[in-house]
Amino acid sequence: MHGVSAEPHVTPGLRTVPVQRRSAARLARILDACAELLDETGYEELSTRAVATRAGVPIGSVYRFFGNKRAMADALARRNLDSYAARVEHRLAAIPAADWRSAIDAVLDEYLAMKRTVPGFGLVDFGTRIPAGPPGPAPAQGADLAPEPVPDANDRVADRLTALLAAQLRRAPDTALRRTVLVAVEAADALLQLAFRTDASGDPDIIAETRELVRAYLARTLG
């Protein structure tokens, strides 16, 4: 890629940012356990204690990083986005700058690959699949009730993809490009949700239609 780094962003919801390798490895185990349990039990049955047990760490280690399970799931979503951005960046490095259609195919292909293979991704992906729930009284420290809303995931995705595509296409990541990318992300997100509701592996016909729709929309800006 052309000077764009896929280095992970610092997760705002972390109580403590790990600085030592051992601490970072422990955080990774906690997020891995969270992802596995999301697949096995769903979000409602997820608990910080169950995550600690699965990760093989004391419950205090979970609370060192996260105030509740919502913050933990959001950190998992942000890790997914970091991984996705890195995968897209790697793919784009082998694509000629003028070939925007192949670039968009890479963006879609990497999402589909993660959807099918990454634990917890079907429920969390980049942060949009878990409802914030109705407002209520503030929970006690460490409680898993009344999670706080988090920033919209598609905005996060649009920000990262705008930077990557702007560098790939050698153009400015201006407001117009960012708006175009956001609209494409919103449309693809809705249609791919439909594809995976229709078929657990993703309905191939709906995926093909999604690809055509996104290409046709982006052609006026990227073509």
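Out of all the residues in segment 169-181, which are open to solvent by 40 Å² or more (accessible area, probe 1.4 Å), aliphatic (A, V, I, L, M) and either closer than 18 Å to ALA216 by Cβ or part of a helix (DSSP H, G or I) (or both)?
ALA176
May I ask you to list pairs of residues, at least six apart or on different chains, whose Cβ atoms are under 9 Å apart, with the first in segment 179-190 being basic (Lys, Arg) and the second being open to solvent by less than 20 Å² (accessible area, probe 1.4 Å)?
ARG179/ALA158
Of everything in segment 82-103, what is crowded, with 21+ Cβ neighbours inside 10 Å and either within 15 Å of ASP159 (Cα to Cα) or in contact with a Phe, Trp or Tyr (Cβ under 6 Å, 6 or more places away or on another chain) (or both)? Give them in sequence order.
TYR84, ALA85, VAL88
Going by the conditions given, is ALA55 open to solvent by less than 50 Å² (accessible area, probe 1.4 Å), within 25 Å of MET114 (Cβ to Cβ) and modelled with pLDDT under 95?
Here the answer is no, as ALA55 does not meet what is asked.
Of (1) open to solvent by 50 Å² or more (accessible area, probe 1.4 Å); (2) farther than 18 Å from MET114 by Cβ, ALA190 satisfies all except one. Which?
All conditions pass for ALA190, except number (2).
Only helices (runs of 4 or more DSSP H) wholly contained in segment 26-126 count here; list those with 2 or more residues that are within 16 Å of the chain's Cα centre (by Cα) and on the phi < 0 side of the Ramachandran plot.
69-92, 100-117, 121-124
Residues are listed down the side, and each one gets a yes or a no for (1) farther than 30 Å from ARG211 by Cα; (2) touching a strand residue (DSSP E or B) at 6+ places or on another chain (Cβ under 9 Å); (3) modelled with pLDDT of 95 or more; (4) of a type in the set (Lys, Arg):
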{"position": "SER5", "(1), (2), (3), (4)": "no, no, no, no"}
{"position": "GLY13", "(1), (2), (3), (4)": "yes, no, no, no"}
{"position": "ARG64", "(1), (2), (3), (4)": "yes, no, no, yes"}
{"position": "ASN68", "(1), (2), (3), (4)": "yes, no, no, no"}
{"position": "SER83", "(1), (2), (3), (4)": "no, no, yes, no"}
{"position": "SER102", "(1), (2), (3), (4)": "no, no, yes, no"}
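The values are calculated or read from the model by the stated rules, or taken from the named source; none is laboratory data. Being a predicted model, the structure only gives us computed values, none of them experimental. Virtual Cβ from ideal backbone geometry, glycine too; neighbours counted across all protein chains shown. Heavy atoms of the whole protein, side chains included, go into the accessibility calculation; ligands, DNA and RNA do not. Shrake-Rupley method; radii C 1.70, N 1.55, O 1.52, S 1.80 Å.
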